[in-house]
């Protein structure tokens, strides 16, 4: 099943994001990420993430999210996980 992992960065943590970006991108490559990209603020800076992953269930999706290097670095203010159905694309 597909899950959308929707994350909002803590305010003022752009440097945390930048410092952990390479590890985050490597994690996406090594795991079941199907689609990924940052949310952007009005100024164009990254302020959050959307990642669509394939996981057996919500528990596995949560474990995936918790092991993301961004999450381990304390970047996110909140994380939401929703079952997702691909319709177009």
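Only residues that are part of a loop (DSSP other than H, G, I, E, B) and surrounded by 17 or more Cβ atoms within 10 Å (Cβ to Cβ): list them for region 58-89, please.
Of everything in region 58-89, those that are part of a loop (DSSP other than H, G, I, E, B) and surrounded by 17 or more Cβ atoms within 10 Å (Cβ to Cβ) turn out to be 68, 75.
Please work out which residue is surrounded by the fewest Cβ atoms within 10 Å (Cβ to Cβ), limiting yourself to region 1-27 and to residues that are in contact (Cβ under 8 Å) with a residue 24 or more places away in the chain and part of a loop (DSSP other than H, G, I, E, B).
Among those residues, the one meeting the criterion is 11.
Quick one: in region 28-46, which of the residues that are over 15 Å from residue 11 (Cβ atoms) and in a loop (DSSP other than H, G, I, E, B) is modelled with the highest pLDDT?
44
Considering region 11-37 alone, what residues qualify as being in contact with a strand residue (DSSP E or B) (Cβ under 9 Å, 6 or more places away or on another chain) and under 19 Å from residue 62 (Cα atoms)?
24, 25, 27, 28, 31, 32, 33, 34, 35, 36, 37
Which of (1) closer than 15 Å to residue 78 by Cβ; (2) surrounded by 13 or more Cβ atoms within 10 Å (Cβ to Cβ) does residue 54 not meet, given it meets every other one?
Checking residue 54 against (1) closer than 15 Å to residue 78 by Cβ; (2) surrounded by 13 or more Cβ atoms within 10 Å (Cβ to Cβ), the one that fails is (1).
The values are calculated or read from the model by the stated rules, or taken from the named source; none is laboratory data. This is a predicted model, so every value here is computed, not measured. In this analysis, Cβ positions are derived from the backbone assuming ideal geometry, glycine residues included, and neighbour counts consider all displayed protein chains.
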